[in-house]
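> Mind having a look at this structure? Questions to follow.
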Amino acid sequence: MTSAYHLPAGKALGGPYVVDITPESAAWGYSSLKVLELPPGGTHTFDTDDSEWIVLPLSGACTVSASDDFGHDTFELDGRESVFTSVSDFAYVPRDSRTTISSADGGRFALNGARCTRRLPARYGPASSVPVELRGSGNSSRQVNNFGAAGVFECDKLIAVEVITPGGNWSSFPPHKHDEHRPGEESVLEEVYYFEFADHEGTPGLGYQRVSPSGQGRNTDVLAEVRGGDVVLVPDGWHGPSIAVPGHHMYYLNVMAGPEDDRSWLICDHPDHTWVRDTWSEQPVDPRLPLYTAPEKS
């Protein structure tokens, strides 16, 4: 099955970015994701325009500088070796500013964005402040790094988290959706999945992603074999499972935003599979998790 919602690595190139997902390219209203690769000594400057952004190192360290009519802020990000080795610190830059990212040693950096109304101050997010959550149990165990989750770090519209699924496990399960406005029960959020995989002795990893239609004119349908650098767009629909093949840990970065006044992640489980949650208390969490925890606060 092929789908316009699955963009294999190299299919979402744009300007200096190896991934360039915008509201225009995704044909939706709010969510953006750009992945920037910088060589040693590299520098990139961009205007935030009408969106707020979190700059998150995927590998490497960088300096983030944001300037606007209100002043100038500079943040030194320690970053990390890879998404499978540690939590990373990050920087929030507001709308209507000019931002420069530079890296002495080079690296790969995710720019998580959302169109927004409020202009919040530029801020640094230390790795020690990132809640590392273990979700599910048994072969549904996964690790969630809630660096940009609602209720964790203040943004106007943007919600962003990292998920690590050990090889052989399923995540984004039970399948769930957030495509209807139902106060207190479900929120409307567009979502981007960006994937990376741990290799094994040089052999790349892979996984599978499912999105199925949720009805009432919402017909997104994806069954994709996903590899490192791939993107899956979820404008609506039941999404999950995300399956990691045995022997290869799977990472995905989720970027979400939508029209709701209340910035919250409210989901509805697929009625055929929600019973799976009731089994989690009967099984231990996968002993491979957590792969790592946040560093102690200094």
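The values are calculated or read from the model by the stated rules, or taken from the named source; none is laboratory data. What you are looking at is a predicted structure, and each value in this text was computed from that prediction instead of being measured. Note that we place each Cβ from the backbone using ideal geometry, even for glycine, and neighbour counts take in every protein chain shown.
> State the number of residues belonging to the stretch 97-123 that are polar (S, T, N, Q) and touching an Asp or Glu at 6+ places or on another chain (Cβ under 7 Å). Give the derivation first.
Here is the first cut: in the stretch 97-123, the residues polar (S, T, N, Q) are 97, 99-100, 102-103, 112, 117.
Next cut, touching an Asp or Glu at 6+ places or on another chain (Cβ under 7 Å) only: 97, 117.
Residues that pass the stated criteria total 2.
> Taking into account only those residues within the stretch 1-20 that are more than 16 Å from Tyr208 (Cβ to Cβ) and out of contact with any Asp or Glu (no Cβ under 7 Å at 6 or more places or on another chain), which is surrounded by the most Cβ atoms within 10 Å (Cβ to Cβ)?
Keep residues of the stretch 1-20 that are more than 16 Å from Tyr208 (Cβ to Cβ), which gives 4, 10-20.
Subsequent filtering for residues that are out of contact with any Asp or Glu (no Cβ under 7 Å at 6 or more places or on another chain) retains 4, 10-11, 15-17, 19-20.
Values: Ala4: 10, Gly10: 10, Lys11: 11, Gly15: 9, Pro16: 14, Tyr17: 19, Val19: 25, Asp20: 18.
The extreme case among them is Val19.
> Still on this model: May I ask you to list pairs of residues, at least six apart or on different chains, whose Cβ atoms are under 9 Å apart, with the first in the stretch 206-230 being farther than 14 Å from Glu191 by Cβ and the second being buried (at least 19 other Cβ atoms within 10 Å of the Cβ) and basic (Lys, Arg)?
Leu223/Arg210; Ala224/Arg210
> Select, from Trp53, Trp28, the only residue that is touching a residue at least 40 places away in the same chain (Cβ under 8 Å), closer than 22 Å to Lys157 by Cβ and more than 16 Å from the chain's Cα centre (by Cα). It would help to see each step written out before you state the result.
Values: Trp53 fails: more than 16 Å from the chain's Cα centre (by Cα).
After ruling out the rest, the residue left standing is Trp28.
> If I ask for residues that are out of contact with any Asp or Glu (no Cβ under 7 Å at 6 or more places or on another chain), part of a strand (DSSP E or B) and small (Gly, Ala, Ser), which ones from the stretch 31-64 would you list?
Ser32, Gly42, Ser51
> While we're here: Take the residues in the stretch 1-25 that are of a type in the set (A, V, I, L, M) and within 27 Å of Val188 (Cβ to Cβ), then tell me which one is farthest from the chain's Cα centre (by Cα). Even if it seems obvious, please write down each step before you answer.
In the first step, residues of the stretch 1-25 are kept if they are of a type in the set (A, V, I, L, M); the result is 1, 4, 7, 9, 12-13, 18-19, 21.
Retained after the next criterion (residues that are within 27 Å of Val188 (Cβ to Cβ)): 1, 4, 7, 12, 19, 21.
Working: Met1: 24, Ala4: 19, Leu7: 15, Ala12: 16, Val19: 13, Ile21: 12 Å.
Per the stated criteria, the residue is Met1.
> State yes or no: is Glu162 touching a residue at least 60 places away in the same chain (Cβ under 8 Å), surrounded by 22 or more Cβ atoms within 10 Å (Cβ to Cβ) and in contact with a helix residue (DSSP H, G or I) (Cβ under 8 Å, 6 or more places away or on another chain)?
Values: touching a residue at least 60 places away in the same chain (Cβ under 8 Å): yes; surrounded by 22 or more Cβ atoms within 10 Å (Cβ to Cβ): yes; in contact with a helix residue (DSSP H, G or I) (Cβ under 8 Å, 6 or more places away or on another chain): no.
When the stated conditions are applied, Glu162 does not pass them.
> Just a yes or no: is a residue in the stretch 283-295 in contact with a Ser or Thr (Cβ under 7 Å, 6 or more places away or on another chain), among the hydroxyl-bearing types (Ser, Thr, Tyr) and either over 27 Å from Ser51 (Cβ atoms) or loosely packed, with under 15 Cβ neighbours inside 10 Å (or both)? Please lay out each step first, then the result.
Of the stretch 283-295, the ones in contact with a Ser or Thr (Cβ under 7 Å, 6 or more places away or on another chain) are 283-286, 289, 292, 294-295.
Within this subset, residues satisfying the condition of being among the hydroxyl-bearing types (Ser, Thr, Tyr) are 292.
Okay, now just the ones that are also either over 27 Å from Ser51 (Cβ atoms) or loosely packed, with under 15 Cβ neighbours inside 10 Å (or both), so 292.
Scanning the stretch 283-295, I find at least one residue that is in contact with a Ser or Thr (Cβ under 7 Å, 6 or more places away or on another chain), among the hydroxyl-bearing types (Ser, Thr, Tyr) and either over 27 Å from Ser51 (Cβ atoms) or loosely packed, with under 15 Cβ neighbours inside 10 Å (or both), so the answer is yes.
> Continuing with this model, one more query. Among what's in the stretch 94-133 and is under 24 Å from Glu191 (Cβ atoms), in a strand (DSSP E or B) and basic (Lys, Arg), pick the residue that is nearest to the chain's Cα centre (by Cα).
Filtering the stretch 94-133 for residues that are under 24 Å from Glu191 (Cβ atoms), in a strand (DSSP E or B) and basic (Lys, Arg), the one nearest to the chain's Cα centre (by Cα) comes out as Arg108.
> Please note which strands (runs of 3 or more DSSP E) are completely contained in the stretch 199-245 and include at least 1 residues that are more than 15 Å from the chain's Cα centre (by Cα). Give the steps one after another, and end with the answer.
Details: elements: 207-212, 222-226, 231-234, 238-244.
Of the strands (runs of 3 or more DSSP E) lying wholly inside the stretch 199-245, those with at least 1 residues that are more than 15 Å from the chain's Cα centre (by Cα) span 207-212, 222-226, 238-244.
Conditions (1) in contact with a strand residue (DSSP E or B) (Cβ under 7 Å, 6 or more places away or on another chain); (2) closer than 30 Å to Asp20 by Cα, marked per residue:
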residue: Arg227; (1), (2): yes, yes
residue: Val234; (1), (2): yes, yes
residue: Ala244; (1), (2): yes, yes
residue: His248; (1), (2): yes, yes
residue: Asn254; (1), (2): yes, yes
residue: Ser264; (1), (2): no, yes
residue: Ile267; (1), (2): yes, yes
residue: Val276; (1), (2): no, no
residue: Leu291; (1), (2): yes, yes
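> Also: Could we say that Glu133 is within 29 Å of Pro166 (Cα to Cα) and of a type in the set (D, E, K, R) here? Spell out how you get there, then give the answer.
Details: within 29 Å of Pro166 (Cα to Cα): yes; of a type in the set (D, E, K, R): yes.
Taking the combined requirement at face value, the residue satisfies it.
> Return the pair list, or none, for Cβ contacts closer than 9 Å from residues in the stretch 178-192 that are farther than 16 Å from Val211 by Cα and surrounded by 13 or more Cβ atoms within 10 Å (Cβ to Cβ) to residues that are aromatic (Phe, Trp, Tyr) and at pLDDT 95 or above, at least 6 apart or on different chains.
Listed pairs, sorted by first residue: Ser187/Trp265.
> Run Val152 past the list (1) part of a loop (DSSP other than H, G, I, E, B); (2) in contact with a strand residue (DSSP E or B) (Cβ under 6 Å, 6 or more places away or on another chain); (3) under 29 Å from Ala4 (Cβ atoms) and report the number of the one that doesn't hold.
Condition (3) is where Val152 drops out.
> In addition: Considering each residue of the stretch 179-220, count those that are more than 22 Å from Phe109 (Cα to Cα) and out of contact with any strand residue (DSSP E or B) (no Cβ under 6 Å at 6 or more places or on another chain), and give that number.
17
> Restricting to the stretch 124-142, name every residue that is more than 13 Å from Phe173 (Cα to Cα) and either of a type outside the set (Gly, Ala, Ser) or modelled with pLDDT under 95 (or both). Full working, then the answer.
Restricting attention to the stretch 124-142, the residues satisfying the condition of being more than 13 Å from Phe173 (Cα to Cα) are 124-134.
Within the stretch 124-142, Tyr124, Pro126, Val130, Pro131, Val132, Glu133, Leu134 qualify.
> Any residue in the stretch 253-269 that is among the aromatic types (Phe, Trp, Tyr), in a strand (DSSP E or B) and surrounded by fewer than 22 Cβ atoms within 10 Å (Cβ to Cβ)?
Taking the stretch 253-269 first, the residues among the aromatic types (Phe, Trp, Tyr) are 265.
Checking the rest, the ones that are also in a strand (DSSP E or B) come to none.
No, the stretch 253-269 has no match at all.
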